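Here the structure comes first, spelled out in structure tokens, and everything after it is commentary.
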Amino acid sequence: MPGRSTTGRDRSGAADGGEPRALRLLVVDDDATQRTLIAQAAKFAGHVVTFAATCSEAIAQVRSHRFDCVTVDLLLEDGDGTEVLKAIADAKFAGAVIVISGMDASRRFAARSYARSLGIDLQSLPKPVDLAALRICLANLTKTAKGLPVMHTWGGVAADGVAERHRP
């Protein structure tokens with residue numbers, strides 16, 4: 001399904017015409033099951049999803065299309081997801097980036113540090129993807145795209161200062 005785009009709508013069936021527009025997501029993962037899970041969660045939230053199964057497909061998509069969010073696996077069949085992060089930075093991408101990877105936490109942390117060195121602030125989720133955590137990330141993405149404050153948290157990620165107030 002490389003490069004394929006599918007449209008999602010919110011539960012009320014709203015599309016454009018005064019209603020909030022669907023956000024565009026690029027899902028970069030060589031695992032068809034993970035792509036499907038991520039896409040279903042995104043479509044349920046009313047977003048439009050495009051797939052890329054390889055680094056080269058993802059880089060071509062980032063260079064030629066505008067997305068509001070990119071989800072990236074770190075280990076792809078033709079390279080490392082950090083190559084995609086570099087292309088995102090080179091394209092001056094201003095949207096959200098979510099690393100969804102089966103790599104261990106230290107590798108995801110290293111990817112986050114690398115992304116920050118490129119000027120990208122990303123979120124990270126382990127594989128297999130926790131759909132509740134992904135839904136929270138997508139809900140926050142929708143709120144920030146509309147200029148609203150983030151109200152959800154997952155795994156200690158600060159949202160409106162809530163997480164800090166409850167830490168020991």
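Highest mean first, the peptides 114-120, 32-38 sorted by other C-beta atoms within 10 Å per residue fall in the order 32-38, 114-120.
Summing charges over neighbours of VAL62, with a neighbour being any other residue whose Cβ is under 14 Å away from its Cβ, gives +1 when K and R count +1 and D and E count -1. Of SER113, SER101, SER56, the sequence from fewest to most neighbouring Cβ atoms within 10 angstrom is SER113, SER56, SER101. Apply the a/c threshold of 1.5 to the C-alpha gyration tensor of the range 23-78 and tell me whether it is rounded, prolate or oblate. Verdict is oblate for the range 23-78.
Bear in mind that the values in this text are calculations on the coordinates, not laboratory data. Because the structure is a prediction, the values reported are computed rather than measured. Cβ: placed from backbone, ideal geometry, glycine included. Neighbour counts: every protein chain shown.
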